[in-house]
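The values are calculated or read from the model by the stated rules, or taken from the named source; none is laboratory data. This structure is a prediction, so every number in the text was calculated from the model and none was measured. Neighbour counts are summed over all protein chains in view; Cβ atoms, including those assigned to glycine, are modelled from backbone coordinates with ideal geometry. Each accessible area value is taken on the protein alone, full model and side chains, heavy atoms only, with ligands, DNA and RNA left out. Shrake-Rupley method; radii C 1.70, N 1.55, O 1.52, S 1.80 Å.
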Amino acid sequence: MKNEIKRKCQGCTKISKREDFVKITLLDNKLYVNPSKKILGRSMYVCADKECVKTVIKKKKLYSALKFKNFDEISKVEKLLQEMVS
């Protein structure tokens, strides 16, 4: 039996299978919203749920989890996440 890869949502801290989350990856000073999970780099996971996305944006988890300070890039990703869940 193959072990399932578990990840934790940065919004609600729920632990689940990697496939249940949207992956956000930092690579070469650019952020990728990466539902296909193919891009490697510093990453964070968030549920595809409106409340989790709101929590991640409100608590500025993109800054802290990814250790990234490019405000323009982060604001683009925040808008994209809000569009994905609405």
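For the chain, the solvent-accessible area works out to 68 Å² per residue, with a probe of 1.4 Å and every protein chain left in place. Overall, the chain carries a charge dipole of about 320 debye about its Cα centre when +1 sits on the Cβ of Lys and Arg and -1 on the Cβ of Asp and Glu, all other atoms neutral. Neighbours of C9 by Cβ distance under 9 Å: Lys/Arg scored +1, Asp/Glu scored -1, total +1.
Rounded to the nearest 500 deg cm²/dmol, what is the calculated helix-only ellipticity per residue at 222 nm for the chain, with -39500 (n - 2.57) per DSSP H run of length n ≥ 4? Kindly include the intermediate steps, with their values, before the conclusion.
Values: 3 runs with 30 residues, N = 86.
Calculated from helices alone, the mean residue ellipticity at 222 nm is -10000 deg cm²/dmol.
Three principal axis extents of the chain based on alpha-carbon atoms, in descending order, are 44, 29, 20 Å.
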